[in-house]
1. Between L52 and V118, what is the FRET efficiency for a Förster distance of 30 Å, r being their Cβ-Cβ separation, to the nearest 0.05?
2. With an 8 Å Cα cut-off and a minimum separation of 6 or more residues, compute the relative contact order for the chain in percent.
3. Would you mind classifying the chain by shape? Square roots of the alpha carbon gyration tensor eigenvalues, ordered a ≥ b ≥ c; an a/c under 1.5 is rounded, otherwise it is prolate if a/b is larger than b/c and oblate if not.
4. Can you list the residues, at least 5 places off or on another chain, whose amide H is less than 5 Å from the amide H of D162, using H built in the peptide plane?
5. Run the numbers for T184 and F91: contour at 0.36 nm per residue of separation, minus the present Cα-Cα distance, in nm.
6. The stretch 90-169: which trypsin sites (Lys or Arg not before Pro) are DSSP loop and have at most 12 other beta-carbon atoms within 10 angstrom?
7. How far is it, in nm, from the label point at W175 to the one at H29 when both lie 7 Å from their Cα along the line to the Cβ?
8. If a/c stays under 1.5 just call it rounded; otherwise compare a/b with b/c (prolate if a/b is bigger, oblate if not). Do that for the stretch 74-125, with a ≥ b ≥ c from the square roots of the Cα gyration tensor eigenvalues.
Amino acid sequence: MPLPLPLAHVESFESGPLGCMCSIIADLHAKTAIVVDPGGDAEYINERLTALGCTLVQVIHTHTHFDHVGATPELQSAHKCICAIHEADRFLYDLLPVQAAMFGMGTPARAEMDGSLVDGRPVAVGAHELDVMHVPGHTPGSVAFFLPAGGPKGEPIVFAGDTLFQGSVGRTDLWGGDTNALLTSVKKRLFTLPDNAIVVPGHGPLTSIGVEKRTNPFVRS
Ligand SMILES: [Zn+2]
Ligand SMILES: [Zn+2]
């Protein structure tokens, strides 16, 4: 009998100056990994990749606010990997020094960002694929990554960035933010995912699509 496809390995942890939720998604058989939103702490991320025995093949970003891209240049120079954003967020990456100054931080290092994240074009990690969903609103190029069986019991999992939080949604008062677009992205895109899908938000505790549909006061339908 053929063995079932092993689940992807997923771990999420806070990183960087504003506690951005960073995730490592790995195929432990193919020994490859991708990193989502490395806000900082490149050393810790590298330690985990070494412990997992995985090569980092790509760094992907839910959006390009400075607190989600802090460790990207270090990871890129260490691993020579592709670092990807949605092209509609490139202007924000160009504004990185302005973003950092607004939060009282020095000018950050820059990575070479590839604008290859496109709605409907999946990102592969070994035998697994993440669906890319363009969910504009928090920023014009915000995306969510959906892994159909990435949870600890094989549940679906979505990396939502700052679009959806437990009991809240992302702010829209920064460059290119759009409240109506954000609410549409949550209701018409994220809320079409299965109720049992685990939500890894850009900050704060994990939640699920079902819980947010029922209880999130910003987007209750
Ligand atoms: Zn943000
Ligand atoms: Zn954030």
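1. FRET efficiency, L52 to V118: 0.60.
2. This gives 15 percent for the chain.
3. It is oblate, given that a/c is not under 1.5 and a/b is not larger than b/c.
4. So D162 has HN proximity to G202.
5. Taking 0.36 nm per residue and subtracting the Cα distance, the gain is 31.2 nm.
6. K153
7. 4.3
8. Note, shape of the stretch 74-125 comes out oblate.
Throughout, read-outs are computed from the coordinates displayed, never taken from laboratory work. Source: prediction; values computed, not measured. Because the Cβ atoms are built from the backbone with ideal geometry, glycine has one as well, and the counts that use them run over all protein chains shown.
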